[in-house]
Amino acid sequence: MGVAKVITRFIDWFYIAPLRRWVPRETFRYALCGGLNMLLMWVLYYVLYRFVVAGRYLDLGVAVMSPHILTLCIQFPITFFTGFWLNRYVTFTLSPLRGRTQLVRYVLQTAGSFLLNYLLLKLFVEVCHIYAPVAKPIVDAAVILYSYLAARFFTFRTHRARRR
């Protein structure tokens, strides 16, 4: 049995009768997979920010990257791949789209997420002066709705649009 099947069965075990009335299975799986990936993102962000980047700026010659943005640039590719894998093989398994199409769309979706993350981190850390590891979960809360809607109706579209 594959890893995706094990994860799917584990998640579905928590999909109890009262939830079934209000929350579609796909949405429930997305919430749990997204929650796991977000938890990984927060832990990675904190560890990288605190111990790897450790307050250092990165001088690129033409620009200087601040510690909170440098940390985001290191953490983001890791959680990009875990997020894509979970969405493709656990959440949106009924998608009729080919894997390559999903990947290209996921790149576009996460580019939007990255841009929102970047802009909101700049706002919260540099303008509002919120400690970066505290600002990151606040930023992520603002990006969740965008990410779900983009995944559901664009990246891993599971329903064909009806023609009138």
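The values are calculated or read from the model by the stated rules, or taken from the named source; none is laboratory data. Computed from a prediction, not measured in an experiment: that's the story for all the values here. Neighbour counts run over all protein chains shown; Cβ positions are idealised from the backbone, glycine included. These area figures cover heavy atoms from the full protein model, side chains too; ligands, DNA and RNA do not enter into them. Shrake-Rupley method; radii C 1.70, N 1.55, O 1.52, S 1.80 Å.
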Mind checking the stretch 43-74 for chymotrypsin sites (Phe, Trp or Tyr not before Pro) that DSSP puts in a loop (not H, G, I, E or B) and that have at most 13 other Cβ atoms within 10 Å? TYR57
Picking from LEU119, TYR57, ILE130, whose Cα lies most toward the positive end of the charge dipole for the stretch 22-157 (charges on Cβ: Lys, Arg +1; Asp, Glu -1)? LEU119
Which percent of the accessible heavy-atom area of the stretch 37-146 goes to carbon and sulfur, probe 1.4 angstrom? 73 percent
Where does the charge balance sit around MET41 when Lys and Arg score +1, Asp and Glu -1, over other residues with C-beta under 12 Å from its C-beta? 0
Please report the net charge: other residues with Cβ closer than 14 Å to the Cβ of LEU108, K and R +1, D and E -1. +3
Which angle between 0 and 90 degrees, to the nearest 10, do you get for helix 67-86 versus the longest principal axis of the chain when only C-alpha atoms count? 10 degrees
Å² of accessible area per residue within the chain, as computed with a 1.4 Å probe and no ligands counted: 63 Å²
